[in-house]
Amino acid sequence: MVVYDGSKIEAFAGAVAGGWGYFYPRSRVNAIINRNKREIIKQLGLSDFTYVADDKYMTYSAMGSLLVDFMNIIGLSRLFKDYVHIDKRESTYPSDKIPQLLVLQNILGYDRIESVRPLNQDTVLKAQLGIENYPDPETFRDKLQRYTEENIGQLFFVNQKLLDVICNLTEARYVDLHFDAKVITVYGDQEGAEVGYNPHKFGRKSYHLKVCVVEPFGFILTISLESGTAVSSTGFVEFYQKSVAALPQNHLVIQNVRLYSGFFSEGNVEAFEGDFVFFEVVAKKYGNIKHWVTECIPEEDFEPFYYDESICGASFSFRLNEWKKPRLL
């Protein structure tokens with residue numbers, strides 16, 4: 001059984017009212033505490049109800065209601081309402097509610113809209129969201145089909161506004177940009193999916209996903225979904241430049257860029273060198289690099305990366321045959 005009674009809010013409201021205990025009777029102090037509690041709930045946009053998850057009030061996730069409160073605090077619903085303008089049609093759900101629900105259910109582990117039907121039985125979550133019925137997969141598909149390229153840009157702008165929230169809560173600091181890519185296998189005919197490099201399901205259609213994450217926050221800065229015929233280096237320089245432009249560098253300064261081996265190319269390296277940023281990219285295991293490491297570097301040049309000496313390494317300058325100049329590996 002899960003119980004949520006807003007005790008932390010009540011404690012804070014009590015602290016605000018604590019000084020009045022010397023002047024008013026306890027009943028008066030309790031009234032002040034309750035009033036402060038209501039004001040805090042209203043200011044933060046929190047839910048103002050107490051529930052017990054029992055046979056009548058069931059929930060599939062104890063953290064679902066807390067996530068709704070969190071999204072209200074950071075103003076996610078308001079951002080969707082102010083900046084994302086979808087083609088209006090008569091609907092039970094406002095245009096800002098659907099993207100909010102997509103974010104929520106993905107965090108809760110419902111990463112496919114076909115699997116969200118059980119959430120319609122979650123009476124606690126629906127009460128928190130202020131909806132009578134949770135949208136079915138068909139409703140989500142209908143809403144998503146209305147999104148245009150302009151709407152995708154609006155969602156990107158909302159993401160930047162969320163990054164502004166982080167900036168308001170933190171001091172100016174250095175950050176790292178981590179770039180990664182992933183092949184997503186699809187089943188059936190899906191728009192834009194093509195047969196390309198797929199290490200998991202050879203010959204199956206797929207998408208190629210690029211993502212840039214701001215560390216140490218774990219914040220997804222930019223994302224790009226491409227045809228399965230794309231590889232990590234396809235259009236990467238443009239993706240990198242878009243990521244840098246999206247970062248508020250008056251507050252978050254790039255200290256390092258990290259990438260896995262799929263991005264290892266001279267063109268990508270030149271982009272980092274042109275911006276004068278430190279970067280670390282995993283080199284591909286080309287035969288000439290492996291030969292140099294195993295045959296040409298003295299053993300005494302290797303130093304342990306970890307205290308237990310389980311992994312050792314050495315740095316050296318090397319130029320691949322097609323590269324213009326050597327670089328430090």
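Every number in this text was worked out from the coordinates using simple rules, so none of it is lab data. Keep in mind the model is a prediction, meaning the values are calculated, not measured. Using ideal geometry, Cβ is built from the backbone for each residue, glycine included, and neighbour counts are taken over all protein chains shown.
Numbers for the structure displayed
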| read-out | value |
| --- | --- |
| Other-chain or far-sequence residues with amide H under 5 Å of PHE316's (modelled H) | LEU329 |
| Potential lengthening between ILE184 and ASP301 on full extension [0.36 nm per residue; Cα-Cα distance subtracted] | 38.0 nm |
| Among the listed pairs LYS210/LYS324; LYS290/LYS325; LYS81/LYS143; LYS97/LYS161; LYS285/LYS324, those beyond 24 Å (Cα-Cα) | LYS210/LYS324 |
| Gain on full stretching of the segment that runs from GLU309 to PHE70 - 0.36 nm per residue minus C-alpha separation | 81.7 nm |
| Fully extended contour minus Cα-Cα distance, from GLN145 to GLU238, at 0.36 nm per residue | 30.8 nm |
| In nm, spacing of pseudo-spin labels at VAL195 and VAL253 (7 Å Cα→C-beta vector) | 5.2 nm |
| FRET efficiency, 1/(1 + (r/R0)^6) with R0 25 Å, evaluated for ARG319 and VAL282 via beta carbons | 0.90 |
| Vicinal HN-Hα couplings computed from phi for the stretch 135-146 (Karplus, 6.51 cos²θ - 1.76 cosθ + 1.60; Hz; Gly/Pro x) | x, 8, x, 5, 5, 4, 4, 4, 5, 5, 5, 7 |
| Order of ILE113, ILE73 - criterion: other Cβ atoms within 10 Å of each residue's Cβ, fewest first | ILE73, ILE113 |
| Efficiency of FRET from Cβ geometry, TYR93 and ARG117, R₀ 25 Å, rounded to 0.05 | 0.95 |
